[in-house]
Amino acid sequence: MNSAREMEFGVYIHWPFCARICPYCDFNVYRDRGADTERFARAILTDLQYWAAQTGGRRLSSLYFGGGTPSLAPISVIASAIEACETFWGFAPRAEITLEANPTDAEIDRFRAFAAAGVNRISLGVQSFDDEALGFLGRDHDAATAMRAIETAQSVFARVNADFIYARPGQTLAAWERELNRAIATGLNHLSLYQLTIEPGTAFDRAVSKNRWAPADEDTAADLFDATQELTNAAGLPAYEISNHAAPGEASRHNFLYWRQCDYVGVGPGAHGRVTIGNVRHASETALRPNDYMELVENSGCGAALFDPLSDDEALTERLAMGLRTIEGIRLSQTQLRQLQGRIETLAQRGLISQDGERVFSTTHGRRILNAVLLELAP
């Protein structure tokens, strides 16, 4: 297997502020109540500089601004972070620089300014083309605004993704097919299509626990998943991962950093990272609250509240959990294969896993119930 230095490498920057908190969201986000963006930007740059000193000699294949809503950030914050990454690491050829954006932030001049700063890929949080569903999901845009945002993004950026949430309560197969066909008709080269999940601690979790509404049942969710695969395949946007679909050559390079277990630095409140130092892969996690994060960076030069080596079993569990989400699967070492061979064979007999030499794949059915597969497979 390639050494960490030979693999692709990335940076994730977490902008934790949102205009509103969506009821399904369990990310580390906070209402934007006049945040000190200058102080926040200084903390980000200081944190990046620290990690550059730990990972010198590597070049960035991907820089990803996630959140939260990073499209709410001042252009200067995004531009200074990109410039710092160029100075500290440098970008590899065809490097991907992605910014997540809400449809309500899709102003042509603003998108052009992001592009001038170096952003070359936009990921839009559309979530639905149904106005009633958008209200249920707590979004602050309607379907018409979402469509205009896609058109605006496509006029500025060659690479545009849109997120959609399906398997919503009461959603029929026919309704989802209409909505997905409308998304495909926009000509988007990448779609992230997520089934609605009820995450602990969210407003939706509280609503479901009080029996205000019920999630889609397993059979309905499976039918919607199958229809999603069929429609995207027919449109030339096959799944390359459980929830991500792309035209040839348009898969997200940043996504693959995670799924191929490459190294990436995470900065910003609550950001996670995976960094190999001295041939040992480490997990990092920054302080959660923005003020705690900024104070930690100001006092120590780094925002990481946790930086721990992963054991062999922990690293293997992550490889399985990430890699088996993808169509390409994962390549295991001979030691790992000997450790897991009996479990692989058992799952293969049930049509959930397949194996080709050192490479192991989840089948279509296996990806549909991947969490259950991992419970049986992981060490």
Restricting to Cα pairs below 8 Å that are 6+ residues apart, what does the relative contact order work out to for region 317-379? Please round to a whole percent.
38
Amide H partners (placed H, <5 Å) of Ile327, local residues excluded
Glu241
Using DSSP loop states and a limit of at most 11 other Cβ atoms within 10 Å to flag trypsin sites (Lys or Arg not before Pro), what is the longest stretch of the chain containing no flagged site?
34-209
Can you tell which of Ser76, Ser362, Ser192 shows the greatest fluctuation in a Gaussian network model of the chain with Cα springs below 10 Å?
Ser76
For the chain, built as a Gaussian network whose Cα springs stay under 10 Å, the top-fluctuating residue of Ser284, Ser61, Ser354:
Ser354
Tally Lys/Arg at +1 and Asp/Glu at -1 over every other residue whose Cβ is under 15 Å from the Cβ of Gly366; what's the total?
0
With springs connecting C-alpha atoms under 10 Å apart, model the chain as a Gaussian network and identify which of Asp356, Asp26, Asp313 has the largest mean-square fluctuation.
Asp356
5 angstrom amide H check on Asn189, placed H, neighbours 5+ away
Val160
Part-to-part distance (alpha-carbon centres) for region 34-94 and region 265-285, which is given in Å
15
Gyration tensor verdict on region 317-379 (Cα atoms; rounded if a/c is under 1.5, prolate if a/b is larger than b/c, oblate otherwise)
rounded
In percent, how large is the relative contact order of region 227-268, given Cα pairs closer than 8 Å and 6 or more residues apart?
20
Value of relative contact order over the chain, rounded to a whole percent, pairs C-alpha under 8 Å and six or more apart:
16
Expected 222 nm ellipticity per residue - DSSP helices of 4 or more, -39500 (n - 2.57), all of the chain, to 500
-12500 deg cm²/dmol
Around Leu60, which amide H atoms from residues at least 5 apart in sequence, or from another chain, sit under 5 Å from its own amide H, with H modelled in the peptide plane?
Gly90, Phe91, Ala92
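Bear in mind these aren't lab numbers, they're just calculated from the coordinates by the rules spelled out. Small disclaimer: the values here were computed from a predicted structure and weren't measured. Methodologically, a virtual Cβ is constructed for each residue, glycine included, from the backbone with ideal geometry; neighbour enumeration extends over all protein chains shown.
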